[in-house]
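K.L.:
Below is one structure. I have some questions about it.
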Amino acid sequence: MTSPPLAPPLIQLRDLTVEFDQGARFVRALHGVSLTLARGEALGLVGESGCGKSITWLAALGLLGPGARVAGSVQVAGEEVLGLPDRALSRIRGGRVALIFQDPSSSLNPVHRIGRQIGEALRLHRGLTGGAQRAEARRLLDRVGIANAAQRLDEYPHELSGGMNQRVMIAMALAGEPDVLVADEPTTALDTTIQAQILDLLHDLRAETGMALVLISHDLGVVADMADRVAVMYGGRIIEEGPAEALFAAPDHPYTRGLMAALPDLEGPRRRLSAIPGAVPAPDRLPPGCTFAPRCAHAEGLCEGAPPALRGTGRAGRRAACHRLEALVWTGLAASGPSATARPAEVARAEVARAERARA
Amino acid sequence: MSALLEVRDLARHFAVARPGGLWGRRATLRAVDGVSFDIEAGRTLGLVGESGCGKSTTARLVLGLTPATAGDIRFDGVPVTARHDGDWRRARARMQMVYQDPLGALDRRQAVAEQIGEPLAIHRPLTPRAERAERVAALMDAVGLRRDQAARYPHELSGGQRQRVVIARALALDPQLLVCDEPVSALDVSIQAQVLNLLDDLRARTGFAALFISHDLKVVRQMADRVAVMYLGRIVEEGAPDEVFHAPLHPYTQALVAAIPTLGRRRVRTTLRGDPPSPVDRPPGCPFHTRCPVAIARCASETPALRHDAGRAVACHLAAATPFAEIV
């Protein structure tokens, strides 16, 4: 008896690299990113500007343009898509994989009515025209929580608020009945209460359709709210990966700890923030070893040698790229630290402060 | 003793044209509509609210950059007007601004040291050159810029370094009041923490008071001694940050706090429907009643006053029914 072959993951990136043409030479922005997205999974990608979190997905979907050299492998449901001709790619983009971006008003065409723009996606991906197209567009607007859907179909993007335009973008993304929605900072331009509405909507749509989600965000809170699994990026590499709850409860990599410690908190005692010293290095001036070493309180000789590989930390589903992983036991809840009820950011802050003291 | 900055019933209305007709119909946009607050010397008031609530207009009004439609602003007892005369210039030397976008606030064609020294050149033109250079060097040290960065241009610096330049320039004249409008919103998390710590250190050292504006409640809590929450041009709640954020009295503040995704806390589903109304179409009665989950009939007709009690203030008919102590 043979067991049935395992279905391939929905998306698998292997050793994805991106280099940008800087005239005289190519500068590498992505240094071998490998990621797996299972069906129905919500994957969060966090990191600061320039870490490569957006480029990873733009490269995977062939959206970087001719100035970029992309290598590695990108499989969607077992099929290699890297290097596919544009026409084949556009069946995948918008069909299997839909994208939404930070600024909905600049992603929508200002001179076309909302209905026409959703209709175009419906025609391309589902072959709907005429009355069927309009009825489906109306259903989608209704589904994303836009009141008076029939009337809104005849309006232009400038007549809608930022939150409503993002709902329109989500409706367009749903038009192709995608297997995965890649959302790049989808709520960053929105006010807090509107952000909450959009996050609620994404929650509901996932529960209803089983659609997978890739959420790219600089906001750890947003990612913790939405993601099952999280990958943290720094300097064009994934430096830590794991189940969201476990990772934020006890991060392994000094950078993740630093990020959490740098966040102000709404609760708990108010204390000085632990800033990460220095700044992110420019892509053409990366240090030879670990990219984070120049800013890391735990760095030692070994870290300046070669970049550390992403490896298992011994805890379920967790990986981190740090030479000193074994030396950096998470002592967040140690006796000298805050109480067991302390909040993650507070714990991280205590942890980082201890590391700095130890180094001093 | 009176406060360093006293703001009373401040309003700023803009005449706008509403779409429709040949020229559009005339309408009034009430950006700020009856705002009062005090800032004591050396203290920081945080102003929070979502886009369009009037917090940035309030900042401009306080500095006399925009004339007020009504109301009264006193800085150290002297009225602040938008008449850019000698009095205003003297007051302006003692109140400075830090902007959200440092690149936009800096001159791209001037080395940063020159820009840091510019307030001295304008307000104290008789300062000897050597003394001014010394002061610029001291300011650069204070904000954590290296001496060798003095001759750099803004585009050669990172976002965090540019904001340090803006802060150094704002502190050049030892102001008593610093108005910070979203000073860290454009910065990455790790850099944001550096700049917030810097502002904290400088405040401890020089003792300036601050009006600190942000949409980010966590940042405001980190920086402010008191916090005021604005909605559609009015302050709806005011108090100590921990009181306001941990036990908010106004339904809007409650929704705002609940909507923030935070590590280690599950976000509650939002109770607020729709977008805030436009400041051109401010609803009658309580400005929040159209989105309020607990509004009653009275809220649609009668505007609640900001009622003060025991160091807190709230503008809500429902919160006003009982003393605050019993609600919390």
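K.L.:
Any chance region B:287-299 includes a residue that's in a loop (DSSP other than H, G, I, E, B), of a type in the set (Lys, Arg) and surrounded by fewer than 15 Cβ atoms within 10 Å (Cβ to Cβ)?
P.N.:
No, every residue in region B:287-299 fails to be in a loop (DSSP other than H, G, I, E, B), of a type in the set (Lys, Arg) and surrounded by fewer than 15 Cβ atoms within 10 Å (Cβ to Cβ).
K.L.:
While we're looking at this one, here's another question. If you go through region B:175-188 one residue at a time, do you hit one that is without any contact (Cβ under 8 Å) to a residue 40 or more places away in the chain and under 19 Å from residue B:59 (Cβ atoms)?
P.N.:
yes
K.L.:
Quick check: anything in region A:287-308 within 14 Å of chain B (Cβ to nearest Cβ), in a loop (DSSP other than H, G, I, E, B), within 27 Å of residue A:102 (Cβ to Cβ) and modelled with pLDDT under 90? Outline the logic, then answer.
P.N.:
Taking region A:287-308 first, the residues within 14 Å of chain B (Cβ to nearest Cβ) are A:291-292, A:294-297.
From what is left, the residues that are in a loop (DSSP other than H, G, I, E, B) are A:291-292, A:296-297.
If we keep only those that are within 27 Å of residue A:102 (Cβ to Cβ) too, we end up with A:291-292.
Going one step further and asking which of them are modelled with pLDDT under 90, we end up with none.
No, there is no match, as no residue in region A:287-308 is within 14 Å of chain B (Cβ to nearest Cβ), in a loop (DSSP other than H, G, I, E, B), within 27 Å of residue A:102 (Cβ to Cβ) and modelled with pLDDT under 90.
K.L.:
Residues to consider are B:135, B:169, B:203, B:221; find the one that is touching an Asp or Glu at 6+ places or on another chain (Cβ under 9 Å), among the charged types (D, E, K, R), part of a helix (DSSP H, G or I) and more than 12 Å from every other protein chain (Cβ to nearest Cβ).
P.N.:
B:169
K.L.:
Moving to a separate point now. On the given criteria, is residue B:194 within 30 Å of residue B:140 (Cβ to Cβ), touching a Gly at 6+ places or on another chain (Cβ under 8 Å) and facing chain A (nearest Cβ under 10 Å)?
P.N.:
Taking the combined requirement at face value, the residue satisfies it.
K.L.:
Read through the list (1) within 14 Å of chain A (Cβ to nearest Cβ); (2) without any contact (Cβ under 8 Å) to a residue 24 or more places away in the chain; (3) basic (Lys, Arg), then give the number of the only condition that residue B:83 fails.
P.N.:
All conditions pass for residue B:83, except number (1).
K.L.:
Moving on. Which pairs have Cβ atoms under 6 Å, sit 6 or more apart or on different chains, and link a residue in region B:281-295 that is in contact (Cβ under 8 Å) with a residue 60 or more places away in the chain to one that is part of a loop (DSSP other than H, G, I, E, B)?
P.N.:
B:282/B:232
K.L.:
What strands (runs of 3 or more DSSP E), lying completely within region A:146-253, carry at least 2 residues that are surrounded by 24 or more Cβ atoms within 10 Å (Cβ to Cβ) and within 13 Å of chain B (Cβ to nearest Cβ)?
P.N.:
Values: elements: A:180-184, A:212-217, A:229-234, A:237-243.
The qualifying strands (runs of 3 or more DSSP E) are A:212-217, A:229-234.
K.L.:
Here's another thing I want to ask about it. Filter region B:271-286 down to residues that are surrounded by 21 or more Cβ atoms within 10 Å (Cβ to Cβ) and within 11 Å of another protein chain (Cβ to nearest Cβ) and give me whichever is nearest to the chain's Cα centre (by Cα).
P.N.:
Within region B:271-286, the match that is nearest to the chain's Cα centre (by Cα) is B:276.
K.L.:
Moving on. Touching a residue at least 40 places away in the same chain (Cβ under 8 Å) and more than 12 Å from every other protein chain (Cβ to nearest Cβ), is that true of residue B:227? Show your work before the answer.
P.N.:
Values: touching a residue at least 40 places away in the same chain (Cβ under 8 Å): yes; more than 12 Å from every other protein chain (Cβ to nearest Cβ): no.
So residue B:227 fails the test.
K.L.:
Is it true that some residue in region A:274-286 is under 13 Å from residue A:323 (Cα atoms), within 22 Å of the chain's Cα centre (by Cα), at pLDDT 90 or above and in a loop (DSSP other than H, G, I, E, B)? Steps first, answer last, please.
P.N.:
Of region A:274-286, the ones under 13 Å from residue A:323 (Cα atoms) are none.
No, region A:274-286 contains no residue that is under 13 Å from residue A:323 (Cα atoms), within 22 Å of the chain's Cα centre (by Cα), at pLDDT 90 or above and in a loop (DSSP other than H, G, I, E, B).
K.L.:
Next question. Quickly run through region B:145-166 and pick out the residues that are in a helix (DSSP H, G or I) and among the charged types (D, E, K, R).
P.N.:
B:147, B:148, B:156, B:162, B:164
K.L.:
Right, here's the next one. Which residue is farthest from the other protein chains (Cβ to nearest Cβ), if the candidates are limited to region B:248-270 and must be of a type in the set (Val, Ile, Thr) and under 27 Å from residue A:247 (Cα atoms)?
P.N.:
Among residues in region B:248-270 that are of a type in the set (Val, Ile, Thr) and under 27 Å from residue A:247 (Cα atoms), the one farthest from the other protein chains (Cβ to nearest Cβ) is B:268.
K.L.:
Being of a type in the set (Asp, Glu) and farther than 27 Å from residue B:185 by Cβ is the filter here; which residues of region B:84-128 pass it?
P.N.:
At the first step, the residues of region B:84-128 found to be of a type in the set (Asp, Glu) are B:85, B:87, B:101, B:107, B:114, B:118.
Selection gives B:85, B:87.
K.L.:
So, residue A:264, is that one within 11 Å of chain B (Cβ to nearest Cβ) and crowded, with 24+ Cβ neighbours inside 10 Å or not? First the steps, then the outcome.
P.N.:
Numbers: within 11 Å of chain B (Cβ to nearest Cβ): yes; crowded, with 24+ Cβ neighbours inside 10 Å: no.
Answer is no for this residue.
K.L.:
Please find, among A:140, A:174, A:124, A:181, the residue that is more than 19 Å from residue A:223 (Cβ to Cβ), in contact (Cβ under 8 Å) with a residue 40 or more places away in the chain and within 25 Å of the chain's Cα centre (by Cα). Let's see the steps before the verdict.
P.N.:
Working: A:140 fails: in contact (Cβ under 8 Å) with a residue 40 or more places away in the chain; A:124 fails: within 25 Å of the chain's Cα centre (by Cα); A:181 fails: more than 19 Å from residue A:223 (Cβ to Cβ).
Just a single option satisfies the conditions, and that option is A:174.
Residue-by-condition table, conditions (1) within 24 Å of residue A:205 (Cβ to Cβ); (2) out of contact with any strand residue (DSSP E or B) (no Cβ under 6 Å at 6 or more places or on another chain):
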| residue | (1), (2) |
| --- | --- |
| A:71 | no, no |
| A:111 | no, yes |
| A:121 | yes, yes |
| A:130 | no, yes |
| A:136 | yes, yes |
| A:140 | yes, yes |
| A:150 | yes, yes |
| A:168 | yes, yes |
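K.L.:
Does region B:235-247 contain any residue that is within 12 Å of another protein chain (Cβ to nearest Cβ), free of Cβ contacts under 8 Å to residues at least 60 places away in the same chain, on the phi < 0 side of the Ramachandran plot and aromatic (Phe, Trp, Tyr)? Full working, then the answer.
P.N.:
The first filter runs over region B:235-247 and keeps only residues within 12 Å of another protein chain (Cβ to nearest Cβ), leaving B:240-242, B:244-247.
Remaining after also requiring free of Cβ contacts under 8 Å to residues at least 60 places away in the same chain: B:242, B:245-246.
Checking the rest, the ones that are also on the phi < 0 side of the Ramachandran plot come to B:242, B:245-246.
Retained after the next criterion (residues that are aromatic (Phe, Trp, Tyr)): B:245.
Yes, region B:235-247 contains at least one residue that is within 12 Å of another protein chain (Cβ to nearest Cβ), free of Cβ contacts under 8 Å to residues at least 60 places away in the same chain, on the phi < 0 side of the Ramachandran plot and aromatic (Phe, Trp, Tyr).
K.L.:
Could you check region B:61-86 and list, in sequence order, the residues that are closer than 16 Å to residue B:37 by Cα, part of a loop (DSSP other than H, G, I, E, B) and hydrophobic (A, V, I, L, M, F, W, C)?
P.N.:
B:63, B:68, B:80
The values are calculated or read from the model by the stated rules, or taken from the named source; none is laboratory data. Predicted model only: the values in this text are computed from it and were never measured. Cβ sites come from the backbone with ideal geometry, for glycine too, and all protein chains shown count toward neighbours.
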